[in-house]
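*Asks:* Have a look at this one.
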Amino acid sequence: MSLNLEQYVSEFSAQNINGEHLLQLDGSKLKALGITSSQDRAIIKKKLKEMKASLEKARKAQEKMEKQREKLRKKEQEQLQRKSKKAEKPSSDVTEGTNEQ
């Protein structure tokens, strides 16, 4: 509808074209859906290309965020391990000191 192609809404609905199916459409599939105008198909294909690019960009951003979170988790885990090792070390020094006496 935002592309001023409302005349195709009923056919898309009748064919159960949702977001996932929409991204799979190409020129021949659009033609099969009854979009006979090459201009209308070109408009839809252009918008689909933009949507795919946007989706890919969002996916990459999500992956980057997940990698950053994982890196932060590992760093925190390493810091905790260092702290626990430092905490264990004085107690073992105290134990060794008492054995010497």
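*Asks:* Please go through region 56-78 and give me each residue that is within 30 Å of E20 (Cα to Cα) and either of a type in the set (K, R) or open to solvent by 100 Å² or more (accessible area, probe 1.4 Å) (or both), ordered by number.
*Replies:* Scanning region 56-78 gives K57, R59, K60, K64, K67, Q68, R69.
*Asks:* Every residue in region 33-46 that is open to solvent by less than 90 Å² (accessible area, probe 1.4 Å) and within 19 Å of S10 (Cβ to Cβ), please.
*Replies:* Restricting attention to region 33-46, the residues satisfying the condition of being open to solvent by less than 90 Å² (accessible area, probe 1.4 Å) are 33-35, 37-38, 40-44.
Answer for region 33-46, where residues must be open to solvent by less than 90 Å² (accessible area, probe 1.4 Å) and within 19 Å of S10 (Cβ to Cβ): L33, G34, I35, S37, D40, R41, I43, I44.
*Asks:* Within the group K52, K86, K60, which residue is assigned to a helix (DSSP H, G or I) and either at pLDDT 95 or above or touching a Lys or Arg at 6+ places or on another chain (Cβ under 8 Å) (or both)? Walk me through it before giving the result.
*Replies:* On the way: K52 fails: either at pLDDT 95 or above or touching a Lys or Arg at 6+ places or on another chain (Cβ under 8 Å) (or both); K86 fails: either at pLDDT 95 or above or touching a Lys or Arg at 6+ places or on another chain (Cβ under 8 Å) (or both).
Testing whether each residue is assigned to a helix (DSSP H, G or I) and either at pLDDT 95 or above or touching a Lys or Arg at 6+ places or on another chain (Cβ under 8 Å) (or both) leaves just K60.
The values are calculated or read from the model by the stated rules, or taken from the named source; none is laboratory data. All of these numbers come straight from a predicted model, not from anything done at the bench. Note that each Cβ is placed from the backbone with ideal geometry, even for glycine, and that neighbours are counted across all protein chains shown. For the accessible areas, the whole protein counts, side chains as well, though only heavy atoms, and no ligand, DNA or RNA atoms are used. Shrake-Rupley method; radii C 1.70, N 1.55, O 1.52, S 1.80 Å.
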